[in-house]
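Asker: Let me begin by handing over the structure; questions about it come next.
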Amino acid sequence: MRLRPESLTANAWAVKAGVSRTIWADIRRHGNPSRRTLQRLLAAADSSLAEFEALRVDSPATVHAGASPAQVSDIARPWRQAPLPPLPVLDTRPGGEWGEAGSEIELISIRTDHVTDRLVCPAGLAADPDAYAVTVIGDSMWPRYRPGKRVAVSPAAPIGIGDDVLVILGPDGKGGQRALLKEIVRRTAASMQLRQFNPDTIFAVATDQIEAIHKVAGELF
């Protein structure tokens, strides 16, 4: 509710987002909404998953347990901090396939020295001066990420099972870095198991092939 547009009631916000007006009652009864519903609500409020996570983890206005929906919605918004430095969008291109020919595991190529745009930086990335954004290339992570969408990436954020990550594999020989945008399934000292959604495939990458792992903080709107 702290992200609710000031010009909208809670019901009007749900209508603008294209979700059911019963969403607030559903959340009170069943807990967190689906990721897709949350993304729709945040998009309608000109916000993002990254900003939502920052408010959820480190909120300056604490909501006390037992507060009614009316009390939650009436919490005063805090003063906004000074704008953060813009988030650079790195040049992102198709990188071919990882592994054997015909594997259908999409690679991307990231030009770290070529910034194509600069976006408003989500508050959740304030502590990571090296954060950046990339454009989703291909449909290997559909329906989680639509081709052409931009996602925020944080090299400093901790990583766990179930997180979406950019696994940096090293130079592509064309001035860029080969990378895999996937979900972490399992991690051992010898390898990392990753998943892509389209086609639904789980595969392993040896640890000695990985140069870096950066967490995908969320989709930018």
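The values are calculated or read from the model by the stated rules, or taken from the named source; none is laboratory data. Source: prediction; values computed, not measured. Positions of Cβ are generated from backbone atoms using ideal geometry, with glycine treated the same way; all protein chains shown enter the neighbour counts.
Asker: (1) within 19 Å of the chain's Cα centre (by Cα); (2) hydrophobic (A, V, I, L, M, F, W, C); (3) surrounded by fewer than 15 Cβ atoms within 10 Å (Cβ to Cβ); (4) in a strand (DSSP E or B): which one isn't true of residue 202, the others all being true?
Answerer: Just one mismatch for residue 202, condition (1).
Asker: Among the residues of the stretch 186-210, how many are in contact (Cβ under 8 Å) with a residue 24 or more places away in the chain and over 15 Å from residue 159 (Cα atoms)?
Answerer: Residues flagged as in contact (Cβ under 8 Å) with a residue 24 or more places away in the chain and over 15 Å from residue 159 (Cα atoms) within the stretch 186-210 amount to 8.
Asker: Of the residues 123, 190, only one is under 21 Å from residue 51 (Cβ atoms) and outside the structural domain of residue 47 (by TED's automatic domain parsing); which?
Answerer: 123
Asker: Could you grab me the full set of residues in the stretch 123-173 that are among the aliphatic types (A, V, I, L, M) and part of a loop (DSSP other than H, G, I, E, B)?
Answerer: 126, 127, 131, 136, 137, 141, 156, 157, 159, 161
Asker: Since residue 188 meets every condition but one in (1) under 12 Å from residue 98 (Cβ atoms); (2) polar (S, T, N, Q); (3) surrounded by fewer than 15 Cβ atoms within 10 Å (Cβ to Cβ), which condition does it not meet?
Answerer: (1)
Asker: With 76, 70, 12 as the choices, which residue is surrounded by fewer than 18 Cβ atoms within 10 Å (Cβ to Cβ), at pLDDT 70 or above and more than 22 Å from residue 128 (Cα to Cα)?
Answerer: 12
Asker: Continuing with this model, one more query. Being touching a helix residue (DSSP H, G or I) at 6+ places or on another chain (Cβ under 6 Å) and either in contact (Cβ under 8 Å) with a residue 12 or more places away in the chain or surrounded by 15 or more Cβ atoms within 10 Å (Cβ to Cβ) (or both): is that true of residue 126 here?
Answerer: no
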